Amino acid sequence: MTRDLTITEVRLTPILVADPPLLNTSGVHQPYTPRLIVEVVTADGTSGFGETYGDGKYLELARPLGEMLVGRQVSDLGGLFALADEVAVDRARVENQLDVGGQRGVQSADKLRLSVASGFEVACLDALGKALGLPVHALLGGKVRDAVEYSAYLFYKWADHPEGVTCEKDDWGAAVDPAGIVEQARKFKERYGFTSFKLKGGVFPPDEEIAAVRALAEAFPGHPLRLDPNGAWSVETSIKVADALGEVLEYLEDPTLGTRAMADVYVRTGVPLATNMCVTTFAEIKEAFTRNAVQVVLSDHHYWGGLRNTQQLAAICRTFGVGVSMHSNTHLGISLAAMTHVAATVPGLHHACDSHYPWQSEDVLTERLTFEGGRVAVSDAPGLGVEVDREKVEFLHRRWLEDDGSLRDRDDAAAMRVADPGWVPPAVPRW
Ligand SMILES: O=C([O-])C(=O)C[C@H](O)[C@@H](O)C(=O)[O-]
Ligand SMILES: [Mg+2]
């Protein structure tokens with residue numbers, strides 16, 4: 001029987017999901033963060049789901065792209081990206097703009113388009129897989145592993161969002177010093193079995209963060225450790241930290257901003273450097289690899305433009321002897337499933353991938369994905385292998401509808417100003 005896989009409808013649902021008070025160099029996470037749920041429906045009634053950033057600038061592009069897709073084949077992924085190229089991007093969105101304080105690297109019109117198209121690509125692959133009875137990893141060429149390893153994503157955090165702020169409570173407690181970070185790591189290990197740990201730094205002066213990583217090394221001997229200050233340090237400070245922690249770090253992540261500065265730190269310390277800030281587009285690869293500025297690229301399928309682009313990035317990295325792993329922002333189970341499918345197909349994935357998922361108490365799935373020994377099993381069920389709970393989507397969408405607009409665009413500095421009214425994101429390098 002031939003099935004009609006023409007896209008007949010695209011449903012876009014912006015939602016707000018609970019986020020704990022996680023600190024980074026720009027500020028603190030807001031109590032709720034925007035995501036966009038993308039659903040494509042085909043003529044034969046198959047639904048596929050994807051997920052991407054939900055801030056206004058992404059919604060602006062997702063709406064016209066969704067309309068353009070109706071009438072196309074769900075398998076036409078090349079056509080999807082060609083259509084995305086035609087979506088106009090308001091110049092004000094990219095001129096002198098930084099995305100989340102630069103934490104996702106440069107902001108360009110192409111990258112905005114890719115960040116949106118990737119949500120549609122995942123939704124199309126999910127629908128196609130369901131229609132054909134094949135898992136997404138099979139559509140991507142097949143898995144080379146049965147489970148994908150993730151690392152614990154440790155954050156300095158407050159016990160609660162500031163008083164008076166509407167929020168969901170979490171049970172992680174505060175972590176603002178080495179003992180708090182070690183305690184958080186223990187919980188991550190107990191709850192999910194993670195064996196590698198990444199600390200989000202750039203929050204406290206480097207000596208305090210060095211002490212936290214040393215405390216982790218002592219508490220978890222032999223476990224891979226990473227520290228990521230999101231470019232908050234000068235070259236000299238980065239070298240000082242690299243010298244202090246070189247023995248215990250698997251890699252330092254974006255210690256400083258820019259390809260030249262990263263290359264300087266590497267040549268003077270030999271400590272491997274990972275990035276999700278200085279190489280975030282194909283155009284940035286040549287210079288960075290030529291200068292030997294990065295030793296591990298952290299792909300994020302959202303802004304690299306989907307699962308197939310992630311495979312292409314991995315192939316380029318492999319060619320140049322550069323490692324590849326995965327970056328993560330706040331995301332839900334649809335994206336974790338997508339990350340797991342593509343990671344399952346990438347040969348030579350030598351570093352555990354990042355995921356914020358354990359921080360998210362809310363999800364849109366009927367059943368949350370689970371980590372066993374820090375790993376997510378690769379599903380062989382058709383599509384992504386997850387089921388979306390429409391009532392949960394509706395609940396989180398209502399929260400988005402009821403918001404006065406202050407939470408619809410992620411703003412870590414605004415959240416920090418609730419506690420510290422004079423806060424401005426620190427100039428970089430901060431130290
Ligand atoms: O690895 C990274 O750089 C990130 O995950 C960036 C994120 O924006 C993270 O710092 C956060 O959510 O605070
Ligand atoms: Mg990073």
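Bear in mind that the values in this text are calculations on the coordinates, not laboratory data. Source: prediction; values computed, not measured. Quick reminder, even Gly has a Cβ in these numbers, built from the backbone with ideal geometry, and neighbours come from all protein chains shown.
Structural remarks
- Here the Karplus curve 6.51 cos²θ - 1.76 cosθ + 1.60, taken at θ = phi - 60°, turns the phi angles of region 63-72 into couplings of 4, x, 5, x, 5, 5, 6, 4, x, 8 Hz, with x standing for Gly and Pro.
- Listed residues 151, 406, 115, most fluctuating in the chain (Gaussian network, C-alpha, under 10 Å): 406
- Antiparallel DSSP beta bridges within the chain, as percent of all bridges there, nearest 5: 55
- 23 Å Cα-Cα threshold exceeded, pairs from 157/187; 169/200; 169/392; 157/189; 143/189: 143/189
- Computed from Cα atoms alone, the Kirkwood hydrodynamic radius reported for the chain is 21.7 Å.
- Other-chain or far-sequence residues with amide H under 5 Å of residue 279's (modelled H): none
- Size check on region 105-228: the Cα extents along the three principal axes, sorted descending, read 51, 38, 31 Å.
- For region 281-374, taking Cα atoms only, Rg and Dmax work out to 14.1, 47 Å respectively.
- Dipole axis of region 259-398 (+1 Lys, Arg; -1 Asp, Glu on Cβ), positive-most option in 267, 346, 370: 267
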